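Right, one structure below, let's go through it.
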Amino acid sequence: MPAKKTTARKTTAKTTRKTTRKRRGPAEPRGPEPTQSAIASDDAEIGDLVAHIRSSRGAVIGAYRDPYGGTPLVFASVPVGAVEATAFQRDLSRTHAERLATAIGDTGAFLDPVIAIPSKEGFLSPNGRHRIAAARQLGQRSITVLATADPALAYRILALNTEKAHNLRDRSLEVIRMARSLAKEQPRSKEKEHATSFESPAFLTLGCAYEKRDRFSGSSYNSMLRRVELFLDQTLPAALRQREQWAVRLLDIDDRVSAHVKALQELGMKSPYLRAVVVARCNPVRWIPTKKGAGPPMSVAEALTRMTKNVRAFEPKKVRPQDLAFAATVGGTEEGS
């Protein structure tokens, strides 16, 4: 009797492909060699800057080339009264300045120089408002600076501030103040030409809104604006006028959202995510998928028009407790930031 043939059961093993991102390798060498970094204080390349430091009753400590771009910088000590903060950076926090002064006093050393750019009266610092205030509070006669003759650097500092990032309000106000300053200095330049300095076009619109209302809940609208905003191909003065109009419309939407939040509270809902729920339901781009490389799903004007229509039609009584629970799980938004 012939043996029965046994059929082996074929099993197909599922292979899981591991997706790995290609790591960026080291860039091509650039910048000066260490032995090429030092610059003599009498070098003609920094002559005007050195003369300005000395005319301000300051002293040159040394000079060197920036290790990335090779930009000449002068390390100097200048009278603390000779350095003023630029008008467009974040507002002074007395609490932060006093805390910094206490820390410097406890440490016994002022170790963090500020960037300084020559001005008619002395120097402007685009990143040192609190350190300057702390130095003055401590009674310092002098302050150490990294001086540069490149005025454009004043408008690039915000992009470099990644370790101690501004909150949305501070960042937006600094960007809009920067834009207003540039509009006076370079009125024919276009907004899109300053994209690196401004970082995000949404900051400009939000900045206009924060100027009009200090406690504006900008973070509630940031995700929507980032989806539809682009840097404008208009001169800075014209672009600012356009953004001011958008800000007025945004504030009108926010007024209506606040009224809905109040109505929800009167219905007995006390969740901190009430505003997040209202804004999410009225957001016209919330359910439009983001396509990589594609442009905005609609213009800013259309988004504001649709959101205004949505917020007018919003009915607080249709909000359920589970909607608030869902908003809490996804994090909601930071109100009043």
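Report, by residue number, each residue of the range 270-295 that is surrounded by 18 or more Cβ atoms within 10 Å (Cβ to Cβ) and of a type outside the set (D, E, K, R).
If the condition is that a residue be surrounded by 18 or more Cβ atoms within 10 Å (Cβ to Cβ) and of a type outside the set (D, E, K, R), then SER271, TYR273, LEU274, ALA276, VAL277, VAL278, VAL279, ALA280, CYS282, ASN283, PRO284, VAL285 are the ones that fit.
So, in the range 245-294, of the ones that are in contact (Cβ under 8 Å) with a residue 12 or more places away in the chain and among the acidic types (Asp, Glu), which residue ends up farthest from PRO316 (Cα to Cα)?
Taking the candidates together, the pick is ASP252.
Of these, ALA8, ALA27, ALA13, which one is loosely packed, with under 10 Cβ neighbours inside 10 Å, outside the structural domain of ALA76 (by TED's automatic domain parsing) and at pLDDT 50 or above? Walk me through it before giving the result.
Working: ALA8 fails: at pLDDT 50 or above; ALA13 fails: at pLDDT 50 or above.
Exactly one residue qualifies, and that residue is ALA27.
Conditions (1) assigned by TED's automatic domain parsing to the domain that holds SER217; (2) farther than 15 Å from ASP323 by Cβ; (3) touching a Leu at 6+ places or on another chain (Cβ under 8 Å); (4) acidic (Asp, Glu), marked per residue:
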| position | (1), (2), (3), (4) |
| --- | --- |
| LEU274 | yes, no, yes, no |
| ALA280 | yes, no, no, no |
| VAL285 | yes, yes, no, no |
| ILE288 | yes, yes, no, no |
| PRO296 | yes, yes, yes, no |
| SER299 | yes, yes, no, no |
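Hey, does the range 146-154 have a residue that's within 23 Å of ARG215 (Cα to Cα), surrounded by 21 or more Cβ atoms within 10 Å (Cβ to Cβ) and at pLDDT below 95? Explain how you work it out, then say what you get.
If we filter the range 146-154 for residues that are within 23 Å of ARG215 (Cα to Cα), which is where we start, we get none.
Within the range 146-154, none of the residues are within 23 Å of ARG215 (Cα to Cα), surrounded by 21 or more Cβ atoms within 10 Å (Cβ to Cβ) and at pLDDT below 95.
Residue check: is ASP255 outside any loop (DSSP other than H, G, I, E, B), surrounded by fewer than 21 Cβ atoms within 10 Å (Cβ to Cβ) and at pLDDT 95 or above?
Working: outside any loop (DSSP other than H, G, I, E, B): yes; surrounded by fewer than 21 Cβ atoms within 10 Å (Cβ to Cβ): yes; at pLDDT 95 or above: yes.
Judged against the criteria, ASP255 is a match.
In the range 93-149, what count of residues is obtained for those that are within 26 Å of ALA179 (Cα to Cα), aliphatic (A, V, I, L, M) and assigned to a loop (DSSP other than H, G, I, E, B)?
Residues meeting the conditions: 1.
Which one of the conditions (1) among the hydroxyl-bearing types (Ser, Thr, Tyr); (2) outside any helix (DSSP H, G or I); (3) out of contact with any Asp or Glu (no Cβ under 7 Å at 6 or more places or on another chain) does THR196 fail to meet, given that it meets all the rest?
Condition (2) is where THR196 drops out.
When you look at PHE110, is it under 16 Å from ARG141 (Cβ atoms), in the same structural domain as SER41 (by TED's automatic domain parsing) and of a type outside the set (S, T, N, Q), yes or no? Please lay out each step first, then the result.
Details: under 16 Å from ARG141 (Cβ atoms): yes; in the same structural domain as SER41 (by TED's automatic domain parsing): yes; of a type outside the set (S, T, N, Q): yes.
Yes: the conditions hold for PHE110.
Conditions (1) modelled with pLDDT under 95; (2) farther than 18 Å from SER172 by Cβ; (3) assigned by TED's automatic domain parsing to the domain that holds GLU315, marked per residue:
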residue	(1), (2), (3)
LEU206	no, no, yes
TYR210	no, no, yes
GLU244	no, no, yes
ALA259	no, yes, yes
SER271	yes, yes, yes
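The values are calculated or read from the model by the stated rules, or taken from the named source; none is laboratory data. Given the structure is predicted, the values throughout are model-derived calculations rather than measurements. So basically every Cβ, Gly included, is an ideal-geometry build from the backbone, and we count neighbours across all protein chains shown.
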